[in-house]
Amino acid sequence: MSRRALPTGDELQFVIARVGEREIGLSITQVERILRYEAPEAWPAAPSFVAGRIHYGDGRVPLVDLRTRAKLRPVLHEETRSMVLATEELPMAVVVDQVKEVMRVDSRTIQPASGESGPGVPAEAVSGLVERAGRRIAIVNAARLLTGAERRELLEALK
């Protein structure tokens, strides 16, 4: 007698990062590069939520510090990283305290976000929650990381 495998949901992969005491997950398709943190260059025209710009590829991209957005004290240490995000609308990178792992998640185990926000992340950007081994991870859509007003402000500053 053969046993059939039970049907499973799609397996998704997320880059898990820590900001303060909380964790966020970004789809691996939305993370272009993970870089060791280097202080950004000053950018006088930058909106208040942008820490500056970093060199990436042939240009520079705005750097958003999620700790600052979450009203946490800025702390830099060996594990601090800049994650360059692959967003269609505008180039952007974010600062996180630590990139922990790439996690495989069965799509059926992702719970509704229920209006919960991640650290330095608006509630509209959180598309779901994953609970695993006592951890609660906010799944973040990088394309919604900025509010509409912030997106317009950043696009104006980039002109």
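In the stretch 35-49, the count of residues that are aliphatic (A, V, I, L, M) and buried (at least 18 other Cβ atoms within 10 Å of the Cβ) is one or more. Of all residues in the stretch 121-137, those being of a type in the set (Asp, Glu) and under 27 Å from Gly148 (Cβ atoms) number 1. Within the stretch 78-86, does at least one residue satisfy the condition of being over 16 Å from Ile139 (Cα atoms), in contact with a Ser or Thr (Cβ under 6 Å, 6 or more places away or on another chain) and surrounded by fewer than 16 Cβ atoms within 10 Å (Cβ to Cβ)? Checking the stretch 78-86: not a single residue is over 16 Å from Ile139 (Cα atoms), in contact with a Ser or Thr (Cβ under 6 Å, 6 or more places away or on another chain) and surrounded by fewer than 16 Cβ atoms within 10 Å (Cβ to Cβ). Out of curiosity, is Met92 of a type outside the set (D, E, K, R) and in contact with a Pro (Cβ under 6 Å, 6 or more places away or on another chain)? So Met92 passes the test.
Is one or more of the residues making up the stretch 111-126 in contact with a strand residue (DSSP E or B) (Cβ under 7 Å, 6 or more places away or on another chain) and more than 21 Å from Arg67 (Cα to Cα)? Yes: one or more hits. Taking strands (runs of 3 or more DSSP E) as the structural unit, no element lying wholly within the stretch 41-159 holds at least 1 residues that are at pLDDT below 90 and within 22 Å of Leu12 (Cβ to Cβ). Applying the set (1) in contact with a Lys or Arg (Cβ under 6 Å, 6 or more places away or on another chain); (2) more than 12 Å from Glu23 (Cβ to Cβ); (3) crowded, with 18+ Cβ neighbours inside 10 Å to Glu124 leaves exactly one unmet item: (3). Scanning the stretch 15-59 for residues that are under 15 Å from Val94 (Cβ atoms) and of a type in the set (D, E, K, R) gives Arg18, Arg22, Glu23, Glu32, Arg33, Arg36, Glu38, Arg53.
Given (1) in contact (Cβ under 8 Å) with a residue 60 or more places away in the chain; (2) surrounded by fewer than 16 Cβ atoms within 10 Å (Cβ to Cβ); (3) touching a helix residue (DSSP H, G or I) at 6+ places or on another chain (Cβ under 6 Å), where does Ala142 come up short, assuming only one miss? Unmet condition: (2). The set of residues from the stretch 26-68 being hydroxyl-bearing (Ser, Thr, Tyr) and either in contact with a helix residue (DSSP H, G or I) (Cβ under 7 Å, 6 or more places away or on another chain) or within 16 Å of Ala142 (Cα to Cα) (or both) comprises Ser27, Thr29.
Return yes when Ser107 is polar (S, T, N, Q), under 20 Å from Ile34 (Cβ atoms) and touching a strand residue (DSSP E or B) at 6+ places or on another chain (Cβ under 7 Å) and no when it is not. When the stated conditions are applied, Ser107 does not pass them. Answer yes or no: is there a residue in the stretch 146-153 that is surrounded by fewer than 20 Cβ atoms within 10 Å (Cβ to Cβ), of a type in the set (D, E, K, R), in contact (Cβ under 8 Å) with a residue 24 or more places away in the chain and under 20 Å from Glu23 (Cβ atoms). No, every residue in the stretch 146-153 fails to be surrounded by fewer than 20 Cβ atoms within 10 Å (Cβ to Cβ), of a type in the set (D, E, K, R), in contact (Cβ under 8 Å) with a residue 24 or more places away in the chain and under 20 Å from Glu23 (Cβ atoms).
The values are calculated or read from the model by the stated rules, or taken from the named source; none is laboratory data. As the structure is a computational prediction, the values presented were derived from the model and not from experiment. Cβ atoms come from the backbone with ideal geometry, glycine included; neighbour counts cover every protein chain shown.
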